[in-house]
Amino acid sequence: MDNHCRVIAHSNIALIKYWGKRDSLLNLPAVGSISVTLDTLFTDTSVRFEPGRPADSVQLNNLQADEPERLRVSRFLDRIRLIYKEITGQILPGAEVITANNFPTAAGLASSASAFAALAYAGLKAAGLDLALREVSILARQGSGSAARSLFGGFVEMHRGQLPDGSDAFAEQILTETALNINVLILVTSRQKKKTGSTEGMNLTRDTSPYYQAWSDSAEADLAAMRQALQDADFTRIGHLAEFSCLKMHALAMSANPGIIYWSPATLHLLQQVREIRASGIEAYFTIDAGPQVKILCREKDAPALLQIFQNDSAVEEIIITRPGPGVRIVEP
Ligand code: PMV
């Protein structure tokens, strides 16, 4: 067994949002989701299983990971050890994991999506296990729900699934990265770490929001509409549906008790800006994950004009221009 593998996995942003778990242990989503993988943001991860190594070591962005981070990685590798034992009957030793994001980890830019996609793929390959991408996505999901989507390029659907063992809760590509000429502008408004993590936020929402059932009940209609809009390459419809799902998810989080507010004044200002710009004739749509950053969807031809506008906006600390990106891939050691 060549016990080493290094891979790159890209981040993604959900167009139809995932919020809520139907099972915490297996990290099964309460709703499906649809995302676009982003070409500019990625995690580069190398995994080496070393005979005789008792514990896993983790280096994150050139520093030794702190103990909670190391444990999160190590527990995930235990899932790979379990699969390995089931298939080969043998025991995998400890691993050295070296991982780095090419974007600020603390900025709430979905680092767990690319991180667990990369770790799942590199870990399985390093263990000599050649699983289909669908199976890899089932494993990645157990690290972070959005990670299941980051294995694939372009536009990706994560299925909620029905089975208690999660074997039907996987992601798959629905459109390639070259199918639509769009850009995603990431407007960074703050580099501070988010206060409420997604798992904590989802659990609180499920336990306390009076709107949670309505959110779950209406998810399938949103997914079907987005699937159709993507098939039709109907950018206007894609944009409106993405805004709708984003606002619905944030309204849901706000309706938890105590309410979870991921936005800052800068976030709200930018949402209003996007709508004003749209009223003036440039088709731009926003979406926001569990943090204050605003992501703008636009046609490629409109990106320079939008860049110009937001470069001069004091609410914006940094702009990252990106487009639909590729799926996970092995890189040379
Ligand atoms: O994958 P997690 O546990 O980080 O949750 C992701 C939650 C959102 O980013 C807000 C929505 C999504 O579908 O990515």
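Of the residues 80, 103, 64, the one whose Cα sits farthest toward the positive end of the charge dipole of region 59-107, with +1 on the Cβ of Lys and Arg and -1 on the Cβ of Asp and Glu, is 80.
Checking the a/c ratio against 1.5 first, then a/b against b/c, what shape does the Cα gyration tensor give for the chain?
Working: a/c = 1.70, a/b = 1.53, b/c = 1.11.
In terms of gyration-tensor shape, prolate.
For region 161-173, 3J(HN,Hα) computed residue by residue from phi via the Karplus equation (6.51, -1.76, 1.60; θ = phi - 60°) reads x, 10, 6, x, 8, x, 6, 10, 9, 10, 10, 8, 6 Hz, glycine and proline entered as x. The label-point distance for residue 135 and residue 318, in a model that sets each label 7 Å from Cα toward Cβ, rounds to 3.8 nm.
Calculate the FRET efficiency for residue 247 and residue 165 from the Cβ-Cβ distance with a Förster distance of 22 Å, rounded to the nearest 0.05. According to the calculation, E is roughly 0.05.
According to the square roots a ≥ b ≥ c of the eigenvalues of the Cα gyration tensor, what is the shape class of region 153-229, taking rounded for a/c under 1.5, prolate for a/b larger than b/c otherwise, and oblate for the remainder? Before the final figure, lay out the partial values.
Details: a/c = 1.81, a/b = 1.12, b/c = 1.62.
It is oblate, given that a/c is not under 1.5 and a/b is not larger than b/c.
In debye, nearest 20, what is the charge dipole magnitude of region 126-186 about its Cα centre with +1 on Lys and Arg Cβ and -1 on Asp and Glu Cβ, if you could check? The partial results should precede the final answer.
On the way: 4 positive and 7 negative charges, 36 e Å.
The calculation lands at about 180 debye.
When all protein chains stay in place and ligands, DNA and RNA are ignored, the 1.4 Å accessible-area order of 80, 330, largest first, is 330, 80. Neighbours of residue 7 by Cβ distance under 12 Å: Lys/Arg scored +1, Asp/Glu scored -1, total +1.
For the pair residue 240 and residue 4, the difference between a 0.36 nm per residue extended length and the Cα-Cα distance amounts to 80.6 nm.
In terms of the Cα gyration tensor, with a ≥ b ≥ c the square roots of its eigenvalues, is region 222-296 rounded because a/c is under 1.5, prolate because a/b exceeds b/c, or oblate? Could the numbers behind the result be given before it?
Details: a/c = 2.89, a/b = 1.32, b/c = 2.19.
Because a/c hits 1.5 or more and a/b fails to exceed b/c, region 222-296 counts as oblate.
Split the accessible area of the chain by element, probe 1.4 Å, and carbon with sulfur accounts for 52%.
Accessible surface ranking for 248, 295, 1.4 angstrom probe, highest first: 248, 295. For a 22 Å ceiling on Cα separation, which of these pairs sit above it: 21/248; 125/295; 21/125; 193/295? Going by Cα-Cα distance, 125/295; 21/125 fall outside the 22 Å limit. For the pair region 11-35 and region 127-190, the centres of their Cα atoms are 10 angstrom apart.
Shown in residue order for region 72-87 are the 3J(HN,Hα) couplings computed by the Karplus curve 6.51 cos²θ - 1.76 cosθ + 1.60 at θ = phi - 60°: 4, 5, 5, 5, 5, 4, 4, 5, 5, 4, 5, 4, 4, 5, 4, 7 Hz (x for Gly and Pro).
Each Lys and Arg adds +1 at its Cβ and each Asp and Glu adds -1 at its Cβ; summed about the Cα centre, region 1-147 shows a dipole of about 360 debye. Label-to-label distance, residue 311 versus residue 331, with points set 7 angstrom from Cα along the beta-carbon direction: 2.7 nm. Couplings 3J(HN,Hα) of region 254-264, computed from phi: 5, 8, 5, 10, x, x, 9, 10, 8, 8, 10 Hz, in residue order, whole Hz [Karplus 6.51 cos²θ - 1.76 cosθ + 1.60, θ = phi - 60°; x for Gly and Pro].
Count charges around residue 164 for me, please; just the other residues with Cβ under 14 Å from its Cβ, Lys/Arg as +1, Asp/Glu as -1.
Counting the neighbours of residue 164, the net charge comes to 0.
Calculate the dipole size of the chain relative to its Cα centre from +1 charges on Lys and Arg beta carbons and -1 charges on Asp and Glu beta carbons; express the result in debye to the nearest 20.
Values: 32 positive and 36 negative charges, 68 e Å.
In total the dipole reaches around 320 debye.
The values are calculated or read from the model by the stated rules, or taken from the named source; none is laboratory data. Remember, it's a predicted structure, so these values are computed and weren't measured experimentally. With ideal geometry, Cβ positions are generated from the backbone for all residues, glycine too; neighbour counts draw on all protein chains shown. Calculation scope for accessible area: heavy atoms of the full protein, side chains included, ligands and nucleic acids excluded. Shrake-Rupley method; radii C 1.70, N 1.55, O 1.52, S 1.80 Å.
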